[in-house]
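*Asks:* Handing you a structure now.
The values are calculated or read from the model by the stated rules, or taken from the named source; none is laboratory data. For clarity, every value in this text was computed on a predicted model and none was experimentally measured. No Cβ is skipped: glycine too gets one built from the backbone with ideal geometry, and neighbour counts run over all protein chains shown.
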Amino acid sequence: MISTARYWFLIVLTLLVYAAGMFVTLMENDSAQFAVMAMRMVQENDFINLFKGTKEYLDKPHVHYWLAALSYKIFGIHDWAYRIPGLLATILAAYSCFGLGKLLYNTNVGRLAALVFMTCQTIVLAVTDVRTDAVLTGFTIFAIWQLVAYVEKSSVFNIMLGAFGSGMAFSTKGQIALLVIGLCILCHIAYTRKWNQFLSWKVLVALAVFVCTISPMLYAYYHQFDLHPEKVIRGKNNRSGIFFIFWEQSFERLSGEGIGKNSSDYFFFFHTFLWVFLPWTAIALLGYAHKLKSIMGNRFAFRANQEFLTLGGISVIFFIISFAQFKLPHYMNIMMPLFAILTASYLHHLATSNKKKTIQVLLGVQYVVLAVVFIAVLILCFYVFKIKNWYGYLLLAALLAVVGHFCLKKEEYYQRVITLGVLTSVLLNGVLNSHFYPNLLKYQAGSELADQIAQQGISVDKVYKLTEDYSWSLDFYNKKPVKIMDIKALANAKDIWLYVNGEQLQELKDAGFQWQEELTADQFRITRLQLKFLNPATRKSKLNQRHLVHLQ
């Protein structure tokens, strides 16, 4: 086992990486879009109706936006304020990993599960590029932990907390929360044979807590949609918000109806897992295989030192979501706590069973992963975006010194596997949050032009655009959604700034408009990186421009 001092040292390093990501410019689309949606709630004092630009928003429930709006109310409208609920939810998830790992196994597994969860790649990214999944993941694993505690201890307090967590998770992203929570609890009860826990008055209390928790979200949906059947949402009228969230939402995701299809690859989430769970992927895969062999070897008979929750939950959820026609990598975030506990339990098993050869092999794998990350970091810092200031070199040198120290330090293989895994995450994400993302986001035109607007003292009330094309980062950093003006109305417009792309700029010229002042920023879809963009020699070929022209 690693010492308490080492454990908290690694936790602090991870939290420092999180802190660096709190001040990164918001990324388009989702982070900046959701930040704007919450901003409008505060500015318009409307916490019932959700809007995405000019269109009413049905896709996801309200809790994520309400929490962001609450943070704005307390701290003001800032990008770091938007991220606070996601950060707190991630810390809640880590603590819940500890609690559930301790409940299913022991304290050491719980502590390690929290550390693995906090340092897997997709979770670190989720604290910087905050979407609804951070809050969803936090409340989902909290609910699972508390409901398992109820199954084991029959405490009404635990089942009430579990119901509250379930309600918050459901009110954040809908049915996927209940699917994951329900499947995990069913797997646990089926394995432990504690079906009698369903036959209790405490379950009715939990249902009451759940209904109370989701009531504000249901009221908002009812008020915005059910009371207005005339509204046309994605080409349909008579849309019931309550029916949507209880029934239609997940089926739309599975079929691709309404939101479109982006992948019919049934192995999408498998090859996605290979990077989202780094640097723990290899250990997780071996842990999954070991758990499956152990459970099947015992013919699913209950053993006091075993659990089926993680293996069963991962397997069934993975199978179901693989059939969805609309897939994105962050859809896996909700499963990361289960993988973290499974991985931690396997590492603990190797240590307590004295499996030195296996641990030695895994240490070799960790060194390979670290070497790849080391090379990637050097490429990012000295080729893709060169470090240009002394403190950048100082930070990189400090990170490399810490990593080098523990690489050379002679200690038990088990400790080195864990320490190097965490340090690999810290090195990569420390550089991403403090160097790569700040440089990358200079190619997000909306936020760059918002900075120029502020520097030149241009009134945001005078900024317009020609179409409904998104301008989320410009909206957020202007602290005002950009208004739309039809090109026909421009003839009578005086003293306005128009936000346009290259084609629209040419359209204005062809229509005879002239201007003397123009601001320009490079634009690239930064969440879809390409090698030609990362290569400085070919970067310009992948760039577009966005312009602000002053029509007088």
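*Asks:* Of the residues that sit in segment 312-325 and are under 15 Å from LEU292 (Cα atoms) and touching a residue at least 60 places away in the same chain (Cβ under 8 Å), which one is surrounded by the fewest Cβ atoms within 10 Å (Cβ to Cβ)?
*Replies:* Ranking the qualifying residues of segment 312-325, first place goes to VAL316.
*Asks:* With the requirement that a residue be assigned to a loop (DSSP other than H, G, I, E, B) and within 24 Å of TYR413 (Cα to Cα), what does segment 265-300 give you?
*Replies:* Matches in segment 265-300: PHE277, LEU278, PRO279, TRP280.
*Asks:* Mind counting the residues in segment 195-220 that are farther than 22 Å from PHE170 by Cβ and assigned to a helix (DSSP H, G or I)?
*Replies:* Looking only at that region, the number is 3.
*Asks:* Right, next: Would you check which residues across segment 44-54 are touching a residue at least 60 places away in the same chain (Cβ under 8 Å) and surrounded by fewer than 21 Cβ atoms within 10 Å (Cβ to Cβ) and list them?
*Replies:* If the condition is that a residue be touching a residue at least 60 places away in the same chain (Cβ under 8 Å) and surrounded by fewer than 21 Cβ atoms within 10 Å (Cβ to Cβ), then PHE47, ILE48, ASN49, GLY53, THR54 are the ones that fit.
*Asks:* Okay, moving on. So, in segment 334-359, of the ones that are among the β-branched types (Val, Ile, Thr) and closer than 23 Å to ALA126 by Cβ, which residue ends up surrounded by the most Cβ atoms within 10 Å (Cβ to Cβ)?
*Replies:* Among residues in segment 334-359 that are among the β-branched types (Val, Ile, Thr) and closer than 23 Å to ALA126 by Cβ, the one surrounded by the most Cβ atoms within 10 Å (Cβ to Cβ) is ILE341.
*Asks:* Follow-up. For PHE98, indicate whether it is over 18 Å from the mean Cα position of the chain (by Cα) and assigned by TED's automatic domain parsing to the domain that holds HIS188.
*Replies:* yes
*Asks:* Okay, moving on. Mind checking which helices (runs of 4 or more DSSP H) fall wholly inside segment 1-112 and carry at least 1 residues that are farther than 30 Å from HIS228 by Cβ and touching an Asp or Glu at 6+ places or on another chain (Cβ under 7 Å)?
*Replies:* 79-104
Yes/no matrix, rows are residues, columns are (1) more than 26 Å from MET37 (Cα to Cα); (2) part of a loop (DSSP other than H, G, I, E, B); (3) more than 34 Å from the chain's Cα centre (by Cα):
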position	(1), (2), (3)
GLU503	yes, no, no
GLN516	yes, yes, yes
ALA521	no, no, no
ILE526	no, yes, no
LEU529	no, yes, no
ARG546	no, no, no
VAL549	yes, no, yes
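*Asks:* If you take the residues of segment 166-194 that are within 18 Å of the chain's Cα centre (by Cα), in a helix (DSSP H, G or I) and of a type in the set (Gly, Ala, Ser), which of them is surrounded by the most Cβ atoms within 10 Å (Cβ to Cβ)?
*Replies:* The selected residue is ALA169.
A quick yes/no check of all residues on (1) surrounded by fewer than 18 Cβ atoms within 10 Å (Cβ to Cβ); (2) polar (S, T, N, Q); (3) touching a Phe, Trp or Tyr at 6+ places or on another chain (Cβ under 6 Å); (4) at pLDDT 95 or above:
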{"site": "ASN29", "(1), (2), (3), (4)": "yes, yes, no, no"}
{"site": "MET41", "(1), (2), (3), (4)": "no, no, yes, yes"}
{"site": "ALA68", "(1), (2), (3), (4)": "no, no, yes, yes"}
{"site": "PHE75", "(1), (2), (3), (4)": "yes, no, no, yes"}
